[in-house]
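Participant: One structure coming up, written as structure tokens, with questions to follow.
Nothing in this text is a laboratory measurement; each read-out follows from the coordinates by a stated rule. In this text the structure is predicted, and so the values were computed from the model without any measurement. Neighbour counts are summed over all protein chains in view; Cβ atoms, including those assigned to glycine, are modelled from backbone coordinates with ideal geometry.
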Amino acid sequence: MKIICIGRNYLAHVKELDNALPTEPMFFMKPETALLAPGESFPYPDFSKEIHYETELVLRICKSGKAIDEKKASEYYDAITVGIDFTARDLQSQCKAKGHPWEIAKAFDYSAPIGEFKKISELRNPDDIAFGMKLNGEWVQQGHSRDMIFSFDKIIAHVSRFVTLKEGDIIFTGTPQGVGEVHVGDRLELFLENEFVFGFKVK
Ligand code: ZN
């Protein structure tokens, strides 16, 4: 399986990082080794001094497809959860300055903890999915899928022009505003439609 991540998909977050507004979805990938086993703590990596959380809705692909028509895109994903796109912001800034790829800042081990998937058809409000994250008991990020610049269907259509999607692949769909640092000892709790999905500690 592969992990695809969409960058710059919420206006307020694009602004908080001082990035240019995208005209089409931009994406990057993480390997399977970026997943964090349920119940495990996230080990703070020794190569960064500025690890940021990005709380995101995560889609799961349910059938393989290539160059998928946006109108049919909803047939290709059926489940959703929340996850963290951990980012070594210090390394990412260096990569951006040098024009280098982002892998060292984005694709490192355990950089993609995710919760258990839920069927989208069983959500209360699938057209505007609420999600968020509490850091040490305080809300730090709360988002709504309605605020995405590019919809799930647009993302699927765009990514599948370049990369064949396969059953079991997952797509991080971008973070709303409020990204920030984590530190050793922090506890993160993730929510979908105000229900707790999963939590873990930073060690
Ligand atoms: Zn992200």
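Participant: Return the distance in nm (one decimal) between the two label points of a simple spin-label model at residue 147 and residue 75, each offset 7 Å from Cα along Cα→Cβ.
Facilitator: 3.4 nm
Participant: Relative to the present Cα-Cα distance, how much length would full extension add between residue 66 and residue 2 at 0.36 nm per residue of separation?
Facilitator: 21.6 nm
Participant: Follow-up. How would you rank 49-58, 28-37, highest first, on the average number of other Cβ atoms within 10 Å across their residues?
Facilitator: 49-58, 28-37
Participant: Starting from the 7 Å offset along Cα-to-Cβ, what nm value, one decimal, do you get for the label separation of residue 46 and residue 127?
Facilitator: 5.3 nm
Participant: Here is a further query. Between residue 161 and residue 201, what FRET efficiency follows from the Cβ-Cβ distance if R0 is 25 Å, with the result rounded to 0.05?
Facilitator: 0.05
Participant: Sticking with this one: Using 25 Å as the Cα-Cα cut-off, could you pick out the over-long pairs in 15/66; 96/118; 15/134; 15/118; 72/106; 30/118?
Facilitator: Correct reply: 15/66; 96/118; 15/118; 72/106.
Participant: Under a crude label model (7 Å from the Cα following the beta-carbon direction), how far is residue 187 from residue 138 in nanometres?
Facilitator: Those two pseudo-labels are separated by 1.6 nm.
Participant: Find the centroid of the Cα atoms in region 49-75 and in region 145-203, then give the distance between the two in whole Å.
Facilitator: A separation of 8 Å, based on Cα centres.
Participant: Here is a follow-up. Mind giving me the FRET efficiency for residue 109 and residue 12? R0 is 41 Å, r the Cβ-Cβ distance, nearest 0.05 is fine.
Facilitator: Between residue 109 and residue 12 the formula returns 0.85.
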